[in-house]
Structures are given as structure tokens and as C-alpha cells.
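Presented below is the structure to which this report refers.
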Amino acid sequence: CWCCCCSCSWNEDRERAWRASRETKLEPIPNCEACARPTAEEVRGWAQSFEKLMKSPAGRNVFREFLRTEYSEENMLFWLACEELKGECNKHSIDEKARTIYEDYISILSPKEV
């Protein structure tokens with residue numbers, strides 16, 4: 001325990017979650033989206049605009065791979081989950097997806113906390 005005011009089990013849970021997240025990053029990653037090979041012009045557009053990069057499935061895959069090398073892939077996964085939530089119309093589905101996003105990315109015990 002690193003301080004007298006914390007719960008040792010909380011720190012142990014947090015450490016286990018961090019290790020599990022780190023181990024997952026070492027596994028091969030499938031493309032999260034089906035996409036065609038980008039053209040050279042499209043790739044040049046990514047250099048000019050982050051928005052263009054994020055609108056392109058191929059661009060998102062490339063950016064996700066970069067984030068993975070920086071141990072930040074959870075940021076892209078969080079963004080994708082939020083984008084999916086924004087397109088939802090059914091109130092029950094919205095509630096369920098919001099709860100899942102909270103548990104997966106926002107909760108302090110989440111292995112993918114952003």
C-alpha cells in the first residue's frame with residue numbers, strides 16, 4: 001500500500017486491471033472496421049485534417065494502430081463507442097450503451113479507463 005488512506009484491495013484490483021490491459025495490447029489486433037486500402041490522396045488529406053482521418057475507416061484503423069503503440073488504444077475505442085451511442089435512437093439501447101461505456105472506459109476500476 002502506498003499510503004495510509006487507501007484501500008490495499010483497491011490498489012491490487014487496479015494493478016490487476018492495468019496488467020490485463022497491458023497484456024491485451026501485446027496480442028495481434030484485428031481491424032475494427034472493414035475498409036478498402038486508402039489512396040495516396042486520401043492519406044495526404046489525413047495530414048491536413050484530423051477530421052478527415054477520423055471520417056475514414058482506413059484512417060481510424062491506422063490511428064488506432066498508432067495509439068496501440070503508445071498504450072492509448074482505449075481512447076479510440078472510447079471514441080468509437082461514443083460515436084455509436086450518438087447514432088442510437090432507442091431509449092433502452094441508449095441507457096444500456098451509456099452504462100457499458102461508463103463501466104468500460106470511465107469507471108475507476110475499468111481496465112480501459114480513459
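The values are calculated or read from the model by the stated rules, or taken from the named source; none is laboratory data. For clarity, every value in this text was computed on a predicted model and none was experimentally measured. Cβ placement follows ideal geometry from the backbone for every residue including glycine, while neighbour counts extend to all protein chains displayed. SASA here: full protein model, heavy atoms, side chains in, ligands and nucleic acids out. Shrake-Rupley method; radii C 1.70, N 1.55, O 1.52, S 1.80 Å.
Using 1/(1 + (r/R0)^6) with R0 = 25 angstrom and r between the beta carbons of L85 and T39, what's the FRET efficiency to the nearest 0.05? Plugging the Cβ-Cβ distance into 1/(1 + (r/R0)^6) gives 0.25. If you sort I94, I101 by accessible surface, 1.4 Å probe, largest first, the order is I94, I101.
Given Cβ point charges of +1 (Lys, Arg) and -1 (Asp, Glu) and nothing else, what value in debye, to the nearest 20, does the dipole of region 72-113 about its Cα centre take? List each step's numbers first, then the result.
Numbers: 5 positive and 10 negative charges, 32 e Å.
Its charge dipole is roughly 160 debye.
What the Cβ-Cβ distance of V114 and E51 gives, at R0 = 22 Å and to the nearest 0.05, is a FRET efficiency of 0.65.
All other residues whose Cβ lies under 9 angstrom from that of A81 are scored, Lys and Arg at +1 and Asp and Glu at -1, for a net of -2. Using +1 at the C-beta of Lys and Arg and -1 at the C-beta of Asp and Glu, which of S93, L80, L109 has the Cα lying farthest in the positive direction of the dipole of region 72-113? About the Cα centre, the residue reaching furthest to the positive side is S93.
Based on the alpha-carbon gyration tensor of region 54-95 and its eigenvalue square roots a ≥ b ≥ c, which shape applies: rounded if a/c is under 1.5, prolate if not and a/b is larger than b/c, or oblate? Because a/c hits 1.5 or more and a/b fails to exceed b/c, region 54-95 counts as oblate.
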